[in-house]
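Peer 1: Take a look at the following structure, please.
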Amino acid sequence: MKNILFYDTKPYDKEYFEKFNSKYQIEYTDVKLSAKTAVLAKGFDGVCAFVNDVIDAKAIEKLYKCGVKVIAMRCAGYSNIDFKAAYKKINVVRVPAYSPFAVAEHTMALLLGINRQIHKAYNRIKEHNFSIVGLTGTDLHGKTVGVIGTGKIGKCFINICKGFCMKVLAYDLFPDKNAGLEYVSLDDLLKNSDVISLHCPLTEQTNRIINADAFSKMKKGVYLLNTSRGALIETEALLDALNDGTVKAAGLDVYEEENDLFFEDNSNTLIKDDVLSLLISKPNVLLTSHQAFLTREALETIAKITLSNLDAFFDGKPLENEVCYHCNGNNLENCIKNQNGRCF
């Protein structure tokens, strides 16, 4: 029986993996994977990691020396992995899609929340303040939503927006010509959208795609949504845009420097991140802690696909969900597989 060490695990991870696992000896730890903690994997055949683990060259080298053969990411994102360092040492597999509906629905929840100021109304009622002054929203019907990234999640969000009778503008580095969407340039999307929602992966091309220059091209009073990766937005520029009214409100499930904060209970800790503290203090910012994926259906799919990825690896089968140095971590369609259906 193969031994797998799960890093950065929470109770819901253990619940669903224990439910579907029958082949592996799994040990769970709540510490994040990093160069310092990689030594914990000594004697394990593989590790399972999550989106905020730091899987850089040093961590990979230590895992390799510990005898780890595979890194199974229980998430879709992989921007935290040094694929060049992993190539020809450790195979990396991921869960490319678990529930696009979960993330898309959470995105709409954030939009509805910031538009109708549900978070502010909730806090008022808790204090027995039943005034509705200052809680005026706007009809989403007929408004234009600009969607950056039209993968599975982006398309799900677009369908939800169409249900609200919103006009959709789309931008993607790799447009889907068969999707029936109105693709425009990024500048046109920024200029003409009442709502902007980010659903693209974090790559060199998309890092801080929403920056000071991008905000300068937006309408005054735009709603900004991000349930993808925090580093898609330059946070300091977002604060300026909130202050000058360019962004009327922001609904965020991710943050640029979230690694040491999100998924953890820091209620008794002094947060030393001044930028995050400023962001949280804004009454027109609704921030959740990277929970958009968190549905029963998504957790079940994550467990099943992660375990099937491990099965394929240890059984010598092609790795359908492998990510590698050949494709530079993002151009999966052009990944060069060998005859065994693996990158090496």
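Peer 1: Identify, from the list Asp139, Asp172, the residue that is within 20 Å of the chain's Cα centre (by Cα) and among the acidic types (Asp, Glu). Lay out the reasoning, then the answer.
Peer 2: Working: Asp139 fails: within 20 Å of the chain's Cα centre (by Cα).
Step by step, each of Asp139, Asp172 is checked, and only Asp172 is within 20 Å of the chain's Cα centre (by Cα) and among the acidic types (Asp, Glu).
Peer 1: Tell me which residues, restricted to segment 31-46, are farther than 16 Å from Phe263 by Cβ and out of contact with any Asp or Glu (no Cβ under 7 Å at 6 or more places or on another chain). Quick ask: steps written out before the conclusion?
Peer 2: The first filter runs over segment 31-46 and keeps only residues farther than 16 Å from Phe263 by Cβ, leaving 35-36, 38-46.
Once the filter is applied, which keeps residues that are farther than 16 Å from Phe263 by Cβ and out of contact with any Asp or Glu (no Cβ under 7 Å at 6 or more places or on another chain), segment 31-46 yields Lys36, Ala38, Val39, Leu40, Ala41, Lys42, Gly43, Phe44, Asp45, Gly46.
Peer 1: Filter segment 1-12 down to the residues that are out of contact with any helix residue (DSSP H, G or I) (no Cβ under 8 Å at 6 or more places or on another chain) and in a helix (DSSP H, G or I) and list them by number.
Peer 2: Listed by number, the list holds a single entry, Pro11.
Peer 1: Identify, by number, the condition in (1) surrounded by fewer than 17 Cβ atoms within 10 Å (Cβ to Cβ); (2) in contact with a helix residue (DSSP H, G or I) (Cβ under 8 Å, 6 or more places away or on another chain) that Ser267 doesn't meet.
Peer 2: Tallying (1) surrounded by fewer than 17 Cβ atoms within 10 Å (Cβ to Cβ); (2) in contact with a helix residue (DSSP H, G or I) (Cβ under 8 Å, 6 or more places away or on another chain), Ser267 fails exactly one: (2).
Peer 1: Which number in (1) in a loop (DSSP other than H, G, I, E, B); (2) hydrophobic (A, V, I, L, M, F, W, C); (3) in contact (Cβ under 8 Å) with a residue 12 or more places away in the chain marks the one condition that Leu169 misses?
Peer 2: The single condition Leu169 does not satisfy is (1).
Peer 1: What number of residues in segment 172-183 are within 21 Å of Thr203 (Cβ to Cβ), assigned to a loop (DSSP other than H, G, I, E, B) and open to solvent by less than 80 Å² (accessible area, probe 1.4 Å)?
Peer 2: 5
Peer 1: How about segment 154-171: which of its residues are surrounded by 14 or more Cβ atoms within 10 Å (Cβ to Cβ) and either in contact with a strand residue (DSSP E or B) (Cβ under 7 Å, 6 or more places away or on another chain) or of a type in the set (Gly, Ala, Ser) (or both)? Steps first, please.
Peer 2: The initial filter retains those residues of segment 154-171 that are surrounded by 14 or more Cβ atoms within 10 Å (Cβ to Cβ), namely 154-158, 160-161, 164, 166-171.
Result: Gly154, Phe157, Ile158, Cys161, Met166, Lys167, Val168, Leu169, Ala170, Tyr171.
Peer 1: Would you kindly identify the helices (runs of 4 or more DSSP H) lying entirely within segment 38-124 that contain at least 1 residues that are of a type in the set (Ser, Thr, Tyr) and either touching a residue at least 60 places away in the same chain (Cβ under 8 Å) or in contact with a Pro (Cβ under 7 Å, 6 or more places away or on another chain) (or both)?
Peer 2: Filter on segment 38-124 gives 100-116.
Peer 1: Further question on the same structure: State all residues of segment 301-320 that are among the acidic types (Asp, Glu) and surrounded by 13 or more Cβ atoms within 10 Å (Cβ to Cβ); if no residue qualifies, say none.
Peer 2: Asp311, Glu320
Peer 1: Moving on to the next point. Would you mind telling me which numbered condition in (1) of a type in the set (D, E, K, R); (2) part of a loop (DSSP other than H, G, I, E, B); (3) in contact with a Phe, Trp or Tyr (Cβ under 6 Å, 6 or more places away or on another chain) Lys304 fails?
Peer 2: Result: Lys304 passes all but (2).
Peer 1: Test of understanding: among Leu198, Leu186, which residue is crowded, with 22+ Cβ neighbours inside 10 Å and either farther than 24 Å from Ala292 by Cα or of a type in the set (A, V, I, L, M) (or both)?
Peer 2: Going through Leu198, Leu186 in turn, the sole match is Leu198.
Peer 1: I need a count of the residues in segment 60-72 that are out of contact with any Phe, Trp or Tyr (no Cβ under 7 Å at 6 or more places or on another chain) and open to solvent by less than 10 Å² (accessible area, probe 1.4 Å).
Peer 2: The number of residues fulfilling the criteria is 4.
Peer 1: What single numbered condition from (1) assigned to a loop (DSSP other than H, G, I, E, B); (2) acidic (Asp, Glu); (3) at pLDDT 95 or above fails to hold for Glu320?
Peer 2: Among (1) assigned to a loop (DSSP other than H, G, I, E, B); (2) acidic (Asp, Glu); (3) at pLDDT 95 or above, Glu320 violates only (3).
Peer 1: Consider segment 1-25. How many of its residues are surrounded by fewer than 20 Cβ atoms within 10 Å (Cβ to Cβ) and of a type in the set (A, V, I, L, M, F, W, C)?
Peer 2: 2
Peer 1: For segment 213-271, how many residues meet the condition of being among the β-branched types (Val, Ile, Thr), under 21 Å from the mean Cα position of the chain (by Cα) and not in a helix (DSSP H, G or I)?
Peer 2: Qualifying residue count, segment 213-271: 3.
Peer 1: Being closer than 22 Å to Gly113 by Cα, of a type in the set (S, T, N, Q), open to solvent by 10 Å² or more (accessible area, probe 1.4 Å) and out of contact with any Lys or Arg (no Cβ under 8 Å at 6 or more places or on another chain): is that true of Ser216 here?
Peer 2: Here the answer is no, as Ser216 does not meet what is asked.
The values are calculated or read from the model by the stated rules, or taken from the named source; none is laboratory data. Because the structure is a prediction, the values reported are computed rather than measured. Note: ideal-geometry Cβ built from the backbone for every residue, glycine included; neighbour counts use all protein chains shown. Accessible surface is based on the protein model in full, side chains and every heavy atom, while ligands, DNA and RNA are left aside. Shrake-Rupley method; radii C 1.70, N 1.55, O 1.52, S 1.80 Å.
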